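Following: one structure in structure tokens, then a few remarks.
The values are calculated or read from the model by the stated rules, or taken from the named source; none is laboratory data. None of the values given here were measured: they were computed from a predicted structure. Cβ placement follows ideal geometry from the backbone for every residue including glycine, while neighbour counts extend to all protein chains displayed.
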């Protein structure tokens with residue numbers, strides 16, 4: 001079967017690449033080191049259980065949730081899929 005310029009598994013390679021990029025981006029945003037005792041944004045105390053559970057934590061739960069919502073709304077696929085380029 002002729003497949004033109006793309007290899008047979010090009011779509012799966014694109015999916016795998018997108019997932020790898022997303023995982024790398026998230027891992028690069030993880031904090032390391034000692035946790036803060038007070039939130040970096042609102043200066044409220046961070047519970048000791050959170051400090052232990054999340055190494056390098058910088059924000060309280062509320063600020064973390066707000067930050068996550070903003071991050072998720074700006075995420076998009078920077079690469080055009082092969083299918084969208086053919087249309």
Just name the residue that is modelled with the lowest pLDDT out of those in segment 1-14 that are in a helix (DSSP H, G or I) and surrounded by 11 or more Cβ atoms within 10 Å (Cβ to Cβ).
10
Suppose we filter segment 16-48 for residues that are surrounded by 12 or more Cβ atoms within 10 Å (Cβ to Cβ) and part of a helix (DSSP H, G or I); how many remain?
3
Some residue of segment 66-83 being surrounded by 11 or more Cβ atoms within 10 Å (Cβ to Cβ) and at pLDDT 90 or above:
yes
